[in-house]
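**Q** The structure is given below, and queries will be raised subsequently.
Computed from the coordinates by the stated procedures, all read-outs in this text should not be read as laboratory data. In this text the structure is predicted, and so the values were computed from the model without any measurement. Cβ atoms come from the backbone with ideal geometry, glycine included; neighbour counts cover every protein chain shown.
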Amino acid sequence: MIFYILYGIGYFLANVLPLKLAYSLAKGVSDIQCLVSKKDREAVVLNLGIITKKDAEECRKLARKVFRNFGLYLVDFFRMARLTKEDIEKRVRVEGIENIDGVLKQDKGGIILTCHIGNWEMGGVVAAMLGYDVSAVALTHKHKNINDFFVKQREAKGMKVIPISHIMKRCVSVLRKKGLLALAGDRDFTNNGMVMDFFGVPTSIPKGPAIFSLKTDSPIIPGFFIRRGTFNYSFIFDHPIYLKETPGKDRDEIIKEANEKLVTVMEKYIRAYPEQWLIFRKFWETPVDALAL
C-alpha cells in the first residue's frame, strides 16, 4: 500500500509541476535515495565496476548519476499520458528508423530487442505514437492497484501490454499479424535462459527473442531509447538480425549464436551509457574483492 501512495504522490507532482521543476525535484529526491539506500547503492557500484572496469570512487560518482537518471525516468513515466507528437518532434531524435520500415516492408513482424537503459517504457510509447503497432512484454506487479496503474500509463498512447504470464501465445500472435514486439533482453525473468558471457561474467540471458524469431520468421531489431542531456532523447534502431533454421545446426546452436550477437549489441550501448542502465540489484553475484572495489 505504501508504494501505491508513493507512486500516487510522484504522479501528482510530476504532472502538476512544470517539467523543468519536476526534473529538479526528482534529482534532489534521487540524491537522497542514493545516500540512504546503501544496499541499492552498493549493488549499482558493483555492477558499474564490472561494466566500466573503473575504481570504486569513479563508480560511486557514476552511481549517483544512475539514481538521478532513474528519477528522471519516473517523471517521464508519470507524464506519458500527456505526451504529444509535438513533444516527440521537439525532444526525440530518431535514428535508424529505416531498419524498422525495411522489416515491415518485407511483410514480416519485428522483435524490438531492448534492455533496461535510458527510458525503455517511453520508447515503446513513442513508437506507438509514431504509428507502429507495438506490443511490449511486462512483468505483472504483485499488487493489483500498482499493476493497473502501470498498465494504464503504458497503454495511454496506443502501446499494448502483454503480461509475462501470457507471453508465448500472445507474442506469437503479434508477430504473425506483422506487428512489433518489444522485449527486454538483459534480464531473465523466466528462469529458462541461456548462460552467456555478459561483460565477461556468466549470465542467464533470455532465449525468448531468438525463439520467437525462429518460430515466426521475424527479425530482431535492437532498439534503445537513450537520454541526451536532461530533456532530450535519441531513439536508436540498430541493424536487424535474421535467424534461419540451418541444416546441420540444432535450435540451441542457432539460439546461442543469435544471443551472442544480441549480447554484443546490449554491451555496446550499456558500456556507452553505463549511468543510464537502471538496475538496482547485484546483476552478477561476483565478489567485490574480485573487482578491487
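Here's the yes/no breakdown for (1) without any contact (Cβ under 8 Å) to a residue 60 or more places away in the chain; (2) more than 22 Å from Trp277 (Cα to Cα):
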| site | (1), (2) |
| --- | --- |
| Tyr7 | no, no |
| Val16 | yes, yes |
| Lys39 | yes, no |
| Leu48 | no, no |
| Lys53 | yes, no |
| Ala63 | yes, no |
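**Q** Which is out of contact with any helix residue (DSSP H, G or I) (no Cβ under 9 Å at 6 or more places or on another chain) and on the phi > 0 side of the Ramachandran plot, of Gly131, Gly118, Gly102?
**A** Values: Gly118 fails: out of contact with any helix residue (DSSP H, G or I) (no Cβ under 9 Å at 6 or more places or on another chain); Gly102 fails: on the phi > 0 side of the Ramachandran plot.
Only one candidate qualifies: Gly131.
**Q** For the range 89-135: of the residues being in a loop (DSSP other than H, G, I, E, B) and of a type in the set (Asp, Glu), which is farthest from the chain's Cα centre (by Cα)? Walk me through how you get there before you give the answer.
**A** As a first pass, look at the range 89-135 and keep what is in a loop (DSSP other than H, G, I, E, B): 96, 106-109, 115-116, 118-119, 130-133.
Imposing the further condition that a residue be of a type in the set (Asp, Glu) reduces the set to 107, 133.
Values: Asp107: 26, Asp133: 18 Å.
Looking at the filtered set, the residue picked out is Asp107.
**Q** Could you pull out every one of the helices (runs of 4 or more DSSP H) wholly within the range 1-64 that has 1 or more residues that are among the basic types (Lys, Arg) and under 26 Å from Phe198 (Cα atoms)?
**A** 38-52
**Q** Which residues, taken from the range 156-192, are within 16 Å of the chain's Cα centre (by Cα) and without any contact (Cβ under 8 Å) to a residue 24 or more places away in the chain?
**A** So the first thing to find is which residues in the range 156-192 are within 16 Å of the chain's Cα centre (by Cα), and the list is 159-164, 180-189.
Within the range 156-192, Asp188 is the sole residue that qualifies.
**Q** Let me ask something else about it. Can you tell me which residues in the range 136-155 are among the aliphatic types (A, V, I, L, M) and within 18 Å of the chain's Cα centre (by Cα)?
**A** Ala136, Val137, Ala138, Leu139, Val151
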